[in-house]
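A.B. asks: Pasting in a structure now, in structure tokens, and then I'll have a few things to ask.
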Amino acid sequence: MTKAITVALPNTLHRYCMWHITNKFSEKISALAYKEHYAGFKNCIWNSESEQFEAGWIEVVNKANLSGNDWLENLYEIRERWGPAYVRHIFSAHMTSSQRAEITHAFFKRYVSKQNSLLEFVMRFERALSKVCHNELDMDHKDINEKPHLKTMYTMESTMSEFYTIEIFYMFQEELFQNVAYKLTATNEDEHHCVYTVRRVKGSGFRVREVVVDKSSNHVRCSCKTFECAGIPCRHILAYFSRMQMDDLPNEYILRRWKKSVKAMRVRDDLGLGMKEICDTSLLEQRNRLFQLACALFDEAALSEDGTQFVEELLSSGQKKLCDMKKVSQDDGVGSSIRVQIFRDHGLKEPLQVRAKVCGKQLKGGKPKAAKKARRCNGCGLTRQSHDKRNCTSSQNARLNDEDEDDINYDDADDCPVVADSASVEIERSLLRIFITHQTILAHN
């Protein structure tokens, strides 16, 4: 993957999952070394910059007597692909592992499994997507209609509560709330830059950060690189803004992806050829405007019976008009879905409906049952008979006739038995036939 991504996506940074790397420490080093020195490895990984990481890593490895460990040596050689000190300058929404894919896998595993048929998979997958859309709409509804709790009297906090989504605002609020605990000290200044050191007023164990201000563009960057990595200004930059008495956060530090109005924008078409406006305002903003208007109308109408009846009639007539408008738009093809519209733009059509090979009323169990084979007598050769070869009259008569036609030859005339006359033989045969017929009738009954 590393080689393929380097060739196919040269401008993309391929990072390794920190969760998998840190979990392998217990497997690749001895139990005693893991118990005594894993905290040192962890501190070196998460709380170091590039130069400090290299020095701290070598120190911990030598202290744990793991200089000959091949896994640690290989891990150190590829440190630029997983170490936070080397990748925090790339935006990743503060993700350090493959959590995006893992969360997606865990979510869909609650709905589908490998035992599902194709039809069950499609139905369960659509149900999962509906759940995702529902959660997103629920969060959008909260962003528009709910107001977050403010901790301070900063104008910046109140302003950003209108811009940021609730989840992102609480992250920004924590950074803004913590900036009062830090103190800035100017350490160096030249013609183009001004450098400040930011340290916590009280407490120990906190690192000293460095804030650099570009005088020409007024751009501020911090050595912690939180803004570059997560897209949210860190407490050190906010401490500089507080010192400069800036009431509003500059637009360059407000990412559009974290704003409530991110869905109301211009996007490219499906081929990426041009820009087109999806809607003047987002669907949720339209719903919010109608919701606020309806609430005010309902409050006024509920004060009197006449007002309630008037609003009911008004809503009924409005609903009928909307239904008529929907029918007209469907007849004109305006109300077709975006997916169907894209198909039509590209000349794609729905496939022709064909009759399945096995259609109509299905038998129980889903499999057609084979027709029952008719029974055949091996004596007379007839089918659909209630007898078989053992009690078949035709086969027994044929067997007697064959015995009568057999010739009896004797070499010696003295050995020849006494043969009765023809009349006696005929009577015996008749009696035998009557007896066989009687037995057959009894067998049928």
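A.B. asks: Could you please give the count of residues in the range 166-199 that are under 39 Å from the mean Cα position of the chain (by Cα) and aromatic (Phe, Trp, Tyr)?
C.D. replies: Total meeting the criteria: 4.
A.B. asks: Does the range 166-184 hold any residues that are in a helix (DSSP H, G or I) and either of a type in the set (A, V, I, L, M, F, W, C) or at pLDDT below 90 (or both), and which are they?
C.D. replies: Taking the range 166-184 first, the residues in a helix (DSSP H, G or I) are 166-181.
Those that are in a helix (DSSP H, G or I) and either of a type in the set (A, V, I, L, M, F, W, C) or at pLDDT below 90 (or both): Ile166, Ile168, Phe169, Met171, Phe172, Leu176, Phe177, Val180, Ala181.
A.B. asks: Look at Thr155 and say whether it is within 30 Å of Leu293 (Cα to Cα) and surrounded by fewer than 16 Cβ atoms within 10 Å (Cβ to Cβ).
C.D. replies: Numbers: within 30 Å of Leu293 (Cα to Cα): yes; surrounded by fewer than 16 Cβ atoms within 10 Å (Cβ to Cβ): yes.
The answer is yes for Thr155.
A.B. asks: Look through the range 221-241, keep the residues that are out of contact with any Phe, Trp or Tyr (no Cβ under 6 Å at 6 or more places or on another chain) and among the β-branched types (Val, Ile, Thr), and return whichever of them is farthest from Thr96 (Cα to Cα).
C.D. replies: In this case the residue turns out to be Ile237.
A.B. asks: Which pairs do you get when a residue that is open to solvent by less than 60 Å² (accessible area, probe 1.4 Å), found in the range 133-147, comes within reach of a residue that is at pLDDT 85 or above and in a helix (DSSP H, G or I), reach meaning Cβ atoms under 6 angstrom, with the pair 6+ apart or on two chains?
C.D. replies: Listed by first residue and then by second, the contacts come to Asp143/Ile166; Asp143/Lys260.
A.B. asks: Here's a follow-up. Of all residues in the range 84-121, which are more than 12 Å from the chain's Cα centre (by Cα) and among the β-branched types (Val, Ile, Thr)?
C.D. replies: Val87, Ile90, Thr96 - these are the residues of the range 84-121 that are more than 12 Å from the chain's Cα centre (by Cα) and among the β-branched types (Val, Ile, Thr).
A.B. asks: Still on this structure, I have one more. Pull up the range 234-279, narrow it to residues that are at pLDDT below 90 and β-branched (Val, Ile, Thr), then point me to the one that is most open to solvent (accessible area, probe 1.4 Å).
C.D. replies: Per the criteria, the residue is Ile278.
A.B. asks: What pairs come up if the first residue lies in the range 376-392 and is at negative phi and part of a helix (DSSP H, G or I), the second is surrounded by 14 or more Cβ atoms within 10 Å (Cβ to Cβ) and at pLDDT 75 or above, and their beta carbons are under 7 Å apart, counting only those six or more places apart or on different chains?
C.D. replies: Between residues of the range 376-392 that are at negative phi and part of a helix (DSSP H, G or I) and residues that are surrounded by 14 or more Cβ atoms within 10 Å (Cβ to Cβ) and at pLDDT 75 or above, the close pairs are Lys389/Cys377.
A.B. asks: Within the range 62-81, take every residue that is under 21 Å from Trp19 (Cβ atoms) and of a type in the set (Lys, Arg) and give me the one that is surrounded by the most Cβ atoms within 10 Å (Cβ to Cβ).
C.D. replies: If we filter the range 62-81 for residues that are under 21 Å from Trp19 (Cβ atoms), which is where we start, we get 69, 71-72, 74-81.
From the residues that got through so far, the ones that are of a type in the set (Lys, Arg) too are 79, 81.
On the way: Arg79: 17, Arg81: 14.
Filtering first and then ranking leaves Arg79.
A.B. asks: Hey, another quick one. What are the residues in the range 205-242 that are over 19 Å from Glu49 (Cα atoms), in a loop (DSSP other than H, G, I, E, B) and among the polar types (S, T, N, Q), if any?
C.D. replies: Within the range 205-242, Ser216, Ser217, Asn218 qualify.
A.B. asks: Within the set of pairs 6+ apart or on separate chains, which have a first residue in the range 224-241 that is among the acidic types (Asp, Glu), a second that is surrounded by fewer than 23 Cβ atoms within 10 Å (Cβ to Cβ), and C-beta atoms under 6 Å apart?
C.D. replies: If the second residue must be surrounded by fewer than 23 Cβ atoms within 10 Å (Cβ to Cβ), the pairs left are Glu228/His89.
The values are calculated or read from the model by the stated rules, or taken from the named source; none is laboratory data. These numbers were taken from a predicted model, which means no experiment stands behind them. Reconstructed Cβ throughout: ideal geometry from the backbone, glycine too, with neighbour counts over all protein chains shown. Surface accessibility is based on the protein's heavy atoms, side chains included, excluding ligands, DNA and RNA. Shrake-Rupley method; radii C 1.70, N 1.55, O 1.52, S 1.80 Å.
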